[in-house]
Structures are given as C-alpha cells and as structure tokens.
Amino acid sequence: MTPSQQQKREIHHPQQAVQQKAHKAQLLWIVLGLSLGLFLAELGVGLWSRSLSLLAAAGHMFSDVLTVGIALVAIWLTKRTSQDPDNVNSQSAETWAALINGLILTTVAAFIGWEAVVHFQTPEPVEELPMLGMAVLALLVKGLSASLLYENSHDDLNVRGVFLHAVADTVSFLGVIFAALAIYYLDWLWADAIASLLIAIFIGFNALLLVRDSVKSLAS
C-alpha cells in the first residue's frame, strides 16, 4: 500500500465510523418513538383490563424508554468526546450506558417477580380480550424494533443493551398472549401471574448477562 493510499484509508475510516454512529442514532430515535407510544398504550389498557402481566410489560417498556434515552446520550457523549470511535473515553461512555441498562433491567425484573408472587396467591379477574389485543399489537411493534437493531447489536454493547430490551419485550408479549388465551378459554386467572413471573425470570437472566459483559469491558 502506497503512502497516499494509507492516508486515504486513515481519513475514510473515521468518516465511516461517524456515519455509522449517525445511522445508529437514527435507529434509536425511531425505537424511542415506538417505545414511548407503546408504553402509554400498554399502561392505559393494562389499568383498564387489570392485567398484571400487561402492566409488567408496560413497566419494562418504560425502562426501554429510559434505556434508549441513555443510549442516545452515550452516542452524543461519544461524538462530543472525540471523532475517533476507538477513543477510550467514548468507549467507556457507551459501556457505562450498557451497564446502567442492565441494572435497570435487573430492578424491573425483581419488582415484577415480587408482584407476580403476590398476585398468584390472590388472583384477580381481568379483561382478557383488551389484554390480548394490546399484546398482539405490542408484539408486532417490538418485533419491528428488534429487527431494526439486530444488525448493529453484535459490535456495539450500547446498542446491544437496547436490542436485548426489545427481545425481552417480544418474549414478554408472547407470555401475555398465552395468559390472555388461558383466561379466556380455560378461566385460569392465575395464568396472568405465571406469565408475569416468567417475564421477570427472562428479563433478569438477560440483564445479568448484560451487566456481566459490561463489567468485563470496563475492567479490561
């Protein structure tokens, strides 16, 4: 490689990195809008239908909004700190954001798990049809969010944190759909609490993995 070719490559690489950051930020803004709208809808339908699993999903959706916001702040800090994507400070900002995301997920999982145990002991009647309709709509929206983030989730710990939130939401809504069908056809009121507990376990497992990877990255 000639010196002129090497110089062009050095110039092109940071420009390409900046473009990638801008593309990731655009995707995150789209996901933020989807998550915020879905959170408000889930909260309203969850309160109306008295479904713990749907309210649990709404709580996780609120953590999604915080997660995407933190991720966008991390990208902004990265851009402000340096145009070099390999800059240690910029990498640390994104890793700290991923760690915070993992801790938020862990807290949400613990709260949902506790509420699920309480509701399992004293199950309450729910409006299963609104619960089912909201869960199906949310499943489609979060599936779209996950597909948008998938490509960038392998090489960016910050985006991976947001992607894991979207995947956890997708699995969560499958649980809500199962619970709604079980209540509608079999009158299993306890299915709502069971779905909530399974959602909490799944969220907690993925949260611990994200925290572990973030701590390893910060320690290296």
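The values are calculated or read from the model by the stated rules, or taken from the named source; none is laboratory data. Owing to the predicted nature of the structure, the values given are computational and were not obtained by experimental measurement. Here the Cβ positions follow ideal geometry from the backbone for every residue, glycine too, while neighbour counts run over all protein chains shown.
Within the stretch 55-73, residues that are closer than 13 Å to Asp169 by Cα and in a helix (DSSP H, G or I) sit with their Cβ atoms under 8 Å from residues that are among the acidic types (Asp, Glu) and at pLDDT 85 or above, at 6+ positions apart or across chains, in these pairs: Leu55/Glu42; Ala56/Glu115; Ala57/Glu42; Ala58/Glu42; Met61/Glu42. Scanning the stretch 125-157 for residues that are part of a loop (DSSP other than H, G, I, E, B) and either surrounded by fewer than 18 Cβ atoms within 10 Å (Cβ to Cβ) or without any contact (Cβ under 8 Å) to a residue 24 or more places away in the chain (or both) gives Pro125, Glu127, Glu151, Ser153, His154, Asp155.
Every condition in (1) touching a helix residue (DSSP H, G or I) at 6+ places or on another chain (Cβ under 7 Å); (2) at pLDDT below 75 is met by Ser4 except one, and the failing one is (1).
Tell me yes or no: at least one residue of the stretch 83-100 is touching a helix residue (DSSP H, G or I) at 6+ places or on another chain (Cβ under 6 Å), surrounded by fewer than 24 Cβ atoms within 10 Å (Cβ to Cβ) and modelled with pLDDT of 90 or more. So far as the stretch 83-100 goes, no, none of its residues is touching a helix residue (DSSP H, G or I) at 6+ places or on another chain (Cβ under 6 Å), surrounded by fewer than 24 Cβ atoms within 10 Å (Cβ to Cβ) and modelled with pLDDT of 90 or more. Out of Leu210, Leu181, one residue alone is more than 19 Å from Val31 (Cα to Cα), modelled with pLDDT under 85 and part of a helix (DSSP H, G or I). It is Leu210.
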